[in-house]
Amino acid sequence: MITKNLIYSGIYCLIALGTSNAQNKAHLDKSKPMEERIDLLMKQMTLEEKVGQMNQYNGFWEVTGPAPKGGNAELKYKHLRDGWVGSMLSVRGVKQVRAVQKIAVEETRLGIPLIIGFDVIHGYKTLSPIPLAEAASWDLAAIKKSASIAADEASASGINWTFAPMVDIYRDARWGRVMEGAGEDPFLGSKIATARVKGFQGDTKADLLKVNTIAACAKHFAAYGFAEAGRDCNTVDISNSNLYNIVFPPFQAATEAGIRTFMNSFNLVNGIRIGYAARWLLEKDMSVSEIAYKSGFTNIANFNRSFKAFKNRTPTQYREDFSGLKRIL
């Protein structure tokens with residue numbers, strides 16, 4: 001009798017546990033509308049899990065090997081299993097991506113898959129000319145095709161997101177990143193921004209749901225190409241006229257093409273530190289602002305990189321910095 005009761009109790013616990021798991025993962029029900037699934041997911045997420053979705057790690061261990069032991073890698077691995085990581089970089093190849101996605105989907109509480117990002121700049125397996133050389137052709141159809149082929153190959157390797165196109169306009173040949181953009185002309189830069197966004201993402205919003213497209217990222221917002229003396233990440237002092245007529249048009253074109261993400265730049269803009277500067281610039285151009293906020297995130301890694309400069313700041317400067325950050329959030 002005791003054994004029978006134990007069996008019944010076990011069955012009851014399994015049924016209860018199964019029902020609980022089904023309820024906890026109702027957001028995975030593909031028959032529900034997407035907005036409803038998002039709402040169900042958000043209601044279940046803890047604050048740590050929500051913040052974790054903005055956490056981006058570089059590949060930090062041999063994914064198909066054993067779990068890392070000791071040091072920073074072990075801590076990051078724990079964060080991954082706790083659902084405190086939203087995206088990863090430099091995880092390449094079907095085996096690697098599948099292994100890390102398996103952890104995110106099957107071992108975390110809510111099973112949220114990772115976004116896998118990579119710098120797909122001028123091709124993935126099939127290499128195209130550098131973006132500046134492509135721009136010199138003025139062949140927009142070929143440029144779009146180049147991005148489309150890159151998206152096709154990258155997506156086949158498990159990549160969801162590229163940090164391209166770079167739509168910065170620049171006028172100083174000393175700047176070390178001139179080869180990554182379309183040159184000095186905002187008209188041509190805007191046309192190429194549109195071509196490359198649609199090449200990566202497809203012509204419509206629905207195309208991004210296809211298996212052979214990837215999310216694009218317009219960078220670097222903004223005025224990154226106007227760094228003083230052509231020194232990368234140097235300060236920028238720029239007029240409103242140049243912002244509106246030279247810098248913003250390619251970002252506007254990317255917006256109208258349906259770009260899904262933006263990346264902030266690394267520089268001061270007219271004396272304003274990065275982060276605050278991005279918000280100030282967005283407020284200047286509401287058309288870009290609307291899509292940037294709707295897209296949900298910029299590249300968090302760049303904010304982390306920018307914050308390294310804080311280590312030598314005074315307590316008063318820290319208070320000013322984080323008071324400003326609170327206003328942004």
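The values are calculated or read from the model by the stated rules, or taken from the named source; none is laboratory data. What you are looking at is a predicted structure, and each value in this text was computed from that prediction instead of being measured. Counting neighbours? That spans all protein chains shown, and the Cβs are built from the backbone with ideal geometry, glycine included. Side chains are part of the model used for accessible areas, which takes the heavy atoms of the whole protein and leaves out ligands, DNA and RNA. Shrake-Rupley method; radii C 1.70, N 1.55, O 1.52, S 1.80 Å.
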HN-Hα couplings for the range 76-89 via Karplus (6.51, -1.76, 1.60; θ = phi - 60°), in whole Hz with x for Gly/Pro, come out as 5, 4, 4, 4, 4, 6, 7, x, 9, 10, x, 8, 9, 10
Expressed as a whole number of Å, what is the distance separating the alpha-carbon centroids of the range 108-131 and the range 177-199?
-> 19
Members of Lys32/Lys198; Lys144/Lys205; Lys25/Lys102; Lys144/Lys219; Lys125/Lys145 lying beyond 20 Å, as alpha-carbon distances in this model show | Lys32/Lys198
Could you list which residues have their amide H under 5 Å from that of Asn264, counting only those 5 or more apart in sequence or on another chain, with H placed in the peptide plane?
-> Phe221, Asn299
Chymotrypsin sites (Phe, Trp or Tyr not before Pro) within the range 106-175: which are DSSP loop residues with at most 11 other Cβ atoms inside 10 Å?
-> Trp138
How much of the accessible area of the range 183-283, in percent, comes from carbon and sulfur atoms when a 1.4 Å probe is used?
-> 51
Just in the range 88-151: which GluC sites (Glu not before Pro) are loop by DSSP and have at most 15 other Cβ atoms within 10 Å?
-> none
Given a cut-off of 21 Å, what percent of all Cα-Cα pairs of the range 32-164 lie beyond it?
-> 50
With every protein chain present, what is the per residue accessible area of the range 220-279 (1.4 Å probe, Å²)?
-> 35
Compute the semi-axes of the equivalent ellipsoid of the range 203-260, taking the square root of 5 times each eigenvalue of the Cα gyration tensor, and list them largest first in whole Å.
-> 30, 14, 6
At 1.4 Å probe size, with no ligands or nucleic acids counted, give the accessible surface of Asp152 in Å², nearest ten.
-> 80
Using 0.36 nm per residue, how much length does the chain from Ala142 to Lys32 gain when fully extended, once their Cα-Cα distance is taken away?
-> 35.7 nm
Checking the range 56-116 for trypsin sites (Lys or Arg not before Pro) in a loop per DSSP with at most 12 other beta-carbon atoms within 10 Å yields Lys69
